[in-house]
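Let me begin by presenting the structure, written as structure tokens, before commenting on it.
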Amino acid sequence: MTDKPRIILDCDPGIDDAFAIVTASRWAEIIAVTTVSGNVSLDKTTANALRLRSLIGSDFPVHAGAHKPLEVAPLSAGHVHGDCGLGGIDLPYSSESPDSNNAIEFLVEETRKEEGLHLVPIGPLTNIALALQADPDMAKRVSSITFMGGSAGGLGNVTAAAEFNIYADPEAAQVVLQSGSPVSMVGLNLTHQVQVGTKETEICHSIDTPVGSAMAYLLDFYADFYRSHLGTDTGSMHDPCAVLAITHPELFAFEEKYVAVEVNGQHTRGMTLVDERGVGSEFEPNCRVAYNVNAQEAVALIMQAVAEV
Ligand code: RIB
Ligand code: CA
């Protein structure tokens, strides 16, 4: 057994999810991938997880989870990731089916079988919330629930106040943050520090492997989005940051804070409100919030993973 952190990656591939899977394959021990409806529908996120597993030549189990959020209809980010979720990439669909269609039962049972796993959700938190509702004691069995989502400082990308993963299922995020689990939030305030652009696309193009070519394609597709929709020359590499927060914690600065999820606000539904008052707050901290990262090193580790996985 290696000394790499052992993780379950809960994802909605998704271009940056693909980079998170590659990053986790290189720097962590992936016990399993669980899929959730998010960027695109569950059938597509699951198919993409299987396609990516084949691409990197891995054998981690894939368990499909929730096809919709706890209370609302599924959202989509097809305008970012393409209708298929991976930018229309020419990557064969795996003939294999997921190892199960019950990621929730898998999460409960696997964390009973092995305590100390890190759950790394990088899509809406629906699967994690359902697992915690099925077995609240899961909160005590995991080393962390380190999620990409939300933001300190009120940053949003789907609305002025809300980040996609939380906005897609705020009720699920509320369940997770109120569960007593060891939760860490890697939000937009952090991931906006980790930018990729032409340089990283060229690095991936220079990596003469199927993974290098595939990741270069995905970065090219992502560039079309941020150039046309955001008017920027680079884009945030969100999801791998949650993986690196576990595999390379020395690159990150976290602070213990109380975080609440707004589920009712007309303008703020899906916002993660971080209580910055410190000793003046009447709330006990419930979350480690990521504030800073050595972004240059983070990007280098993601590129190294593309080259070496
Ligand atoms: O807001 C960024 C997050 O939403 C990332 O996880 C991306 O994959 C999308 O799911
Ligand atoms: Ca994602």
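Values as computed for the structure displayed
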{"item": "Filtered residues of segment 162-188 (kept if in a helix (DSSP H, G or I), in contact with a helix residue (DSSP H, G or I) (Cβ under 7 Å, 6 or more places away or on another chain) and more than 9 Å from ligand 1 (Cβ to nearest atom))", "result": "Ala172, Ala173, Val175, Val176"}
{"item": "Among the residues listed as Val158, Val194, the single one being under 17 Å from the mean Cα position of the chain (by Cα) and under 22 Å from Phe252 (Cα atoms)", "result": "Val194"}
{"item": "Residue check for Tyr226: surrounded by fewer than 21 Cβ atoms within 10 Å (Cβ to Cβ) and under 29 Å from Gln174 (Cβ atoms)", "result": "no"}
{"item": "Unique match (being within 16 Å of Met148 (Cα to Cα), in contact (Cβ under 8 Å) with a residue 40 or more places away in the chain and of a type in the set (A, V, I, L, M)) among Met303, Met271, Met215", "result": "Met271"}
{"item": "Helices (runs of 4 or more DSSP H) within segment 47-161 that include 2 or more residues surrounded by 20 or more Cβ atoms within 10 Å (Cβ to Cβ), in contact (Cβ under 8 Å) with a residue 60 or more places away in the chain and more than 16 Å from ligand 2 (Cβ to nearest atom)", "result": "103-113"}
{"item": "Condition check for Pro92: within 24 Å of Asp208 (Cβ to Cβ) and modelled with pLDDT under 95", "result": "yes"}
{"item": "Matching residues, segment 229-269, being over 13 Å from Val194 (Cβ atoms), in a helix (DSSP H, G or I) and modelled with pLDDT of 95 or more", "result": "Ile246, Thr247, Pro249, Glu250"}
{"item": "Counted residues, segment 258-309 - those being loosely packed, with under 14 Cβ neighbours inside 10 Å, out of contact with any helix residue (DSSP H, G or I) (no Cβ under 8 Å at 6 or more places or on another chain) and within 30 Å of Met215 (Cβ to Cβ)", "result": "2"}
{"item": "Hey, Ser95 touching a His at 6+ places or on another chain (Cβ under 7 Å), more than 16 Å from Asp17 (Cβ to Cβ) and of a type in the set (S, T, N, Q) or not", "result": "no"}
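The values are calculated or read from the model by the stated rules, or taken from the named source; none is laboratory data. None of these values were measured; they are calculated from a predicted model. Glycine also receives a Cβ, built like all others from the backbone with ideal geometry; neighbour counts cover every protein chain displayed.
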